[in-house]
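Remarks on the structure that follows.
The values are calculated or read from the model by the stated rules, or taken from the named source; none is laboratory data. Because the structure is a prediction, the values reported are computed rather than measured. Heads up, the Cβs are rebuilt from the backbone with ideal geometry, glycines too, and the neighbour counts pull from every protein chain shown.
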Amino acid sequence: MKYIDLHTDALTKEGVLSVTKETLGTGGCFLECFACFTPRGDLEKTLKLCDKFEKMCARDNFQWVKSAGDLSENRVNAMLTVEGGEAVGNDLKNLHILYEKGVRMMTLVWNYDNAIGTTHKASPLKGEAPAERVAGGTHGGRAVTYAPTAHSERSEESHRLTDFVRGDSSVALFPQNERTSTDFVRGDSSVALFPQNERTSTDFVRGDSSVALLPQNERRPLGLTPFGRDVVEKMGELGMIVDVSHGSDALFFDVADWSKRSGIPFVASHSNARACHFHTRNLDDGQIRTLADCGGVMGLNFYDEFLSDDKTAAGQKRALIAHITHILKVGGEDALAFGSDFDGIPQNAYMKTAADMPRLIEAMCDVIPPRVVEKIAFRNAERVIRAVCSC
Ligand SMILES: [Zn+2]
C-alpha cells in the first residue's frame, strides 16, 4: 500500500539515512515531506537547504510537489517544508521568499519560543490541568492566560518571584531569566510568562533591568504572538500548510481558532497521543478532537520517547498500534496520518527505515479495516494537501 509521510529530517542529517531513494522505493512511498530543520536558524541557512532539496529531487528523480496538481502516480513525490519558523525572523517578506522557493508547509516553532509563538515546553506537565483549564485561563476565545492569584495568597517564594509592585495586582514582576523560559509557568499558575519578543512594557522597575513591569491588560497569550497570527493568516492565503507540532497547547488552540474561522485545515505533522504516553510533544484528547473538527491530520511519530517506555521492537510495535487505535477512537478515521520523523530521531527498534513502512501497514491491517488503513496511510494527508496547496 502506498503511503504519505508528513515529516523527515533527511535533508538536514548527514551520513547514513533512513530515508533514501532506495528505502522510499522499497517502502512504497507516495509522498515524502522533507523538512529544512534550522534550530535557531535563519533564512540564509534555510535557503541553502532548499537548494539541497532541489538538487536531491533532480538526482533521485523525485517529483517536486508545489501544488496538488503536481502529484504523480509514477514517481516518489517530494514536498519541501520548514521546521521552525525562525527562518521567517520577524518579517512576513521572508515567508514570501520561502513560498517562492517552493516551501509548502511550515512547523511554526521548534523547541524554543520564537517570534511566531511558544513551544510545547509551555504545555502542562503530567497530572496538571490542560492549558485551557488552568486557573484563571479561559480558552474558547483567543487566548490562554495565566492570571496571578491574589497577593495575599502568595507564598514567600512566589512573592519573591513575582511581586506585585502596586499592591492592586494591576501589574506583576517577572525576573528576567524567567521571562523567556516557558518552564516555570507550568508548576505555578500564580505567575505568568511573556516571551521576550511579546513584552510590550519597557518599564523596568529596577535599575539593574533584571525585572520588567507588565500591566495586566498588556498580558499576551502563551500561544501565537501578534506576528505569529499574521504569519498563519498569510500561510493560509499563500497555500502553505500550518504545522503545530512542537507548539505549546495554547499555540495549538490559537491555530485551531484561526482554522475554524478560515475553514483551512492545519496539521500536527509529527505528534502522537498524550493519553497513550505522556509527553508535551504529544496531543491530548481535546486537541485530537479539535484537530479532527478542523479537518486536519496528525502524523504518527516513530520516536520511541513519544511512544512508550518499552523500547524493544515488540514494545514499539504494540505502542504504535495503541496510539493508532486511540487516535481513531478519539478523533475518528479522518484525522490520522504518518509523520515518521525519520532521520530526526534515534532509530526506532521496530521502524528503522522507510523500507519498514509495509510491516507497519501490515500490522495495522491485522486490527483495522483496510479501508481505514488506506486513509491513515495516504488518503487523509492527501486530502489536506489538496485542500491547502491547490494554487
Ligand atoms: Zn520535530
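Return the total of residues in the stretch 1-23 being within 16 Å of the ligand (Cβ to nearest atom) and farther than 28 Å from E374 by Cα. The number of residues fulfilling the criteria is 2.
Sub-6 Å Cβ pairs linking a first residue in the stretch 337-361 that is outside the structural domain of R371 (by TED's automatic domain parsing) to a second residue that is surrounded by fewer than 19 Cβ atoms within 10 Å (Cβ to Cβ) and at pLDDT 95 or above, at least 6 apart or interchain, number zero. Report yes if some residue within the stretch 40-60 is within 16 Å of the ligand (Cβ to nearest atom) and touching a residue at least 60 places away in the same chain (Cβ under 8 Å); otherwise report no. Within the stretch 40-60, one or more residues are within 16 Å of the ligand (Cβ to nearest atom) and touching a residue at least 60 places away in the same chain (Cβ under 8 Å). Yes or no: M240 within 16 Å of N380 (Cα to Cα) and either modelled with pLDDT of 95 or more or surrounded by fewer than 24 Cβ atoms within 10 Å (Cβ to Cβ) (or both)? No; evaluated as a whole, the condition is false for this residue. Among the residues that make up the stretch 80-100, is at least one of them over 23 Å from the mean Cα position of the chain (by Cα) and either away from the ligand (no atom under 16 Å from the Cβ) or not acidic (D, E) (or both)? Taking every residue of the stretch 80-100 in turn, none turns out to be over 23 Å from the mean Cα position of the chain (by Cα) and either away from the ligand (no atom under 16 Å from the Cβ) or not acidic (D, E) (or both). Looking across the stretch 232-264, the residues that are away from the ligand (no atom under 15 Å from the Cβ) and in a loop (DSSP other than H, G, I, E, B) come down to G239, M240, G263, I264. Contact map, the stretch 222-245: residues that are under 18 Å from G89 (Cβ atoms) paired with residues that are at pLDDT below 95 and part of a strand (DSSP E or B), Cβ distance under 6 Å, separation 6+ or inter-chain. Pairs shown: L224/G117; T225/G117; G228/G117.
Scanning the stretch 266-279 for residues that are closer than 19 Å to E83 by Cα and away from the ligand (no atom under 13 Å from the Cβ) gives a single hit, F266. For the stretch 101-115, a tally of residues being of a type in the set (A, V, I, L, M), within 15 Å of the ligand (Cβ to nearest atom) and part of a loop (DSSP other than H, G, I, E, B) returns 2. Total residues in the stretch 329-350 satisfying the condition of being within 16 Å of the ligand (Cβ to nearest atom) and not acidic (D, E): the figure is 10.
Conditions (1) within 21 Å of N111 (Cβ to Cβ); (2) modelled with pLDDT under 95; (3) hydrophobic (A, V, I, L, M, F, W, C), marked per residue:
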site	(1), (2), (3)
N177	yes, yes, no
P226	no, yes, no
V244	yes, no, yes
P265	no, no, no
S269	yes, no, no
R274	yes, no, no
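Taken over the stretch 294-331, residues that are within 20 Å of F252 (Cα to Cα) and touching an Asp or Glu at 6+ places or on another chain (Cβ under 6 Å) amount to 2.
For T26, are the conditions met, namely being within 16 Å of the ligand (Cβ to nearest atom) and hydroxyl-bearing (S, T, Y)? When the stated conditions are applied, T26 does not pass them.
Residues checked against (1) buried (at least 16 other Cβ atoms within 10 Å of the Cβ); (2) assigned to a helix (DSSP H, G or I):
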residue	(1), (2)
V16	no, no
P39	no, no
C50	yes, yes
R59	no, yes
N74	no, no
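Does A87 qualify as being assigned to a strand (DSSP E or B), without any contact (Cβ under 8 Å) to a residue 60 or more places away in the chain and surrounded by 17 or more Cβ atoms within 10 Å (Cβ to Cβ)? No, not satisfied.
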